[in-house]
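Heads up, the thing below is written out as structure tokens.
The values are calculated or read from the model by the stated rules, or taken from the named source; none is laboratory data. Remember, predicted model here, so these are calculated numbers, not experimental data. Cβ placement follows ideal geometry from the backbone for every residue including glycine, while neighbour counts extend to all protein chains displayed.
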Amino acid sequence: MTTLVIIAKECLPGRVKTRLHPAVSFEQAAELAAASLADTLAVGSELCADRRILAFDGLVPPPGSGDYEIVPQVVGELDTRLAAIFDAADGPTLLLGMDTPQLVAGDIAEVFPWPDDADFVFGPAHDGGFWCLGMREPRGELIQGVPMSRDDTGARQLDRLRAAGGSIRMLTSLTDVDTIREAHAVADAAPETRFARTLARTLRTQQLMGAVA
């Protein structure tokens with residue numbers, strides 16, 4: 001049985017995608033985050049996962065989460081929250097973030113069902129982090145203590161997996177959306193996504209407001 005876990009927070013202004021400001025307002029950044037999460041949830045629903053979980057930090061479940069069991073995140077730094085997810089997991093588990101709206105099912109379909117020749121699955125991000133992490137036998141200790149949100153986070157996480165032994169299935173590299181430059185690049189690469197449509201609408205609104213001003 002292979003489990004898919006998406007980790008996300010409620011998309012409230014000033015709480016998500018704050019690095020998109022001041023290029024967009026905090027309200028617009030929250031709308032972009034919500035669109036990115038909706039794209040990710042939709043891809044997850046296409047996969048042949050035996051169980052789908054949304055590890056959620058917030059009060060109001062997001063649209064599109066009907067196929068998911070919603071469980072609260074533990075309190076703590078990101079490495080602690082990720083470790084808790086794996087410690088609570090039963091059997092092969094793949095964890096996804098909410099920051100890669102360009103993701104398509106084909107990028108991770110090979111993990112469902114879990115491949116016989118992989119103990120770990122790792123999806124590197126272009127900023128030096130990672131966009132997905134999977135373990136055949138989930139062990140939170142393999143991520144606890146890894147420094148997060150740094151340009152060497154992915155390298156350090158890979159070192160942990162290699163030190164644990166076993167085979168690692170590497171997936172394609174993707175761009176996490178944190179900055180407005182990354183937002184434009186991802187939207188250009190995946191114009192059919194909710195995220196790209198939301199960004200286009202945001203830019204049109206800004207142009208109109210600028211014209212009025």
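Listing for the model above:
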{"quantity": "Matching residues in the range 113-128 - criterion: being surrounded by 18 or more Cβ atoms within 10 Å (Cβ to Cβ) and out of contact with any Asp or Glu (no Cβ under 6 Å at 6 or more places or on another chain)", "calculated": "W114, A118, D119, F120, V121, F122, G123, P124"}
{"quantity": "Residue identified as more than 26 Å from A190 (Cβ to Cβ), touching a strand residue (DSSP E or B) at 6+ places or on another chain (Cβ under 7 Å) and of a type in the set (A, V, I, L, M, F, W, C) among F86, F56", "calculated": "F86"}
{"quantity": "Residue satisfying all of: in the range 34-47; in contact with a strand residue (DSSP E or B) (Cβ under 7 Å, 6 or more places away or on another chain) and touching a residue at least 40 places away in the same chain (Cβ under 8 Å); farthest from F112 (Cα to Cα) among these", "calculated": "L37"}
{"quantity": "The listed residue being within 29 Å of A185 (Cα to Cα), surrounded by fewer than 16 Cβ atoms within 10 Å (Cβ to Cβ) and either touching a residue at least 12 places away in the same chain (Cβ under 8 Å) or basic (K, R) (or both), out of E27, E69, E31", "calculated": "E27"}
{"quantity": "The range 172-186, subset within 12 Å of the chain's Cα centre (by Cα) and within 19 Å of L203 (Cβ to Cβ), residue surrounded by the most Cβ atoms within 10 Å (Cβ to Cβ)", "calculated": "V177"}
{"quantity": "Selection from the range 67-106 of residues that are among the charged types (D, E, K, R) and either part of a loop (DSSP other than H, G, I, E, B) or within 13 Å of the chain's Cα centre (by Cα) (or both)", "calculated": "D67, E77, D90, D99"}
{"quantity": "Test set (1) touching a strand residue (DSSP E or B) at 6+ places or on another chain (Cβ under 6 Å); (2) surrounded by fewer than 19 Cβ atoms within 10 Å (Cβ to Cβ); (3) under 23 Å from L158 (Cα atoms); (4) of a type outside the set (G, A, S) - E110 fails condition number", "calculated": "(1)"}
{"quantity": "Meets criteria (in contact with a strand residue (DSSP E or B) (Cβ under 6 Å, 6 or more places away or on another chain), at pLDDT 95 or above and not in a helix (DSSP H, G or I)) for P138", "calculated": "yes"}
{"quantity": "Residue count, the range 48-66 (criterion: out of contact with any Leu (no Cβ under 6 Å at 6 or more places or on another chain) and either in contact (Cβ under 8 Å) with a residue 24 or more places away in the chain or part of a helix (DSSP H, G or I) (or both))", "calculated": "12"}
{"quantity": "Residue match in the range 8-25 (condition: assigned to a strand (DSSP E or B) and over 16 Å from the mean Cα position of the chain (by Cα))", "calculated": "no"}
{"quantity": "Flag for G97 being among the small types (G, A, S) and without any contact (Cβ under 8 Å) to a residue 12 or more places away in the chain", "calculated": "no"}
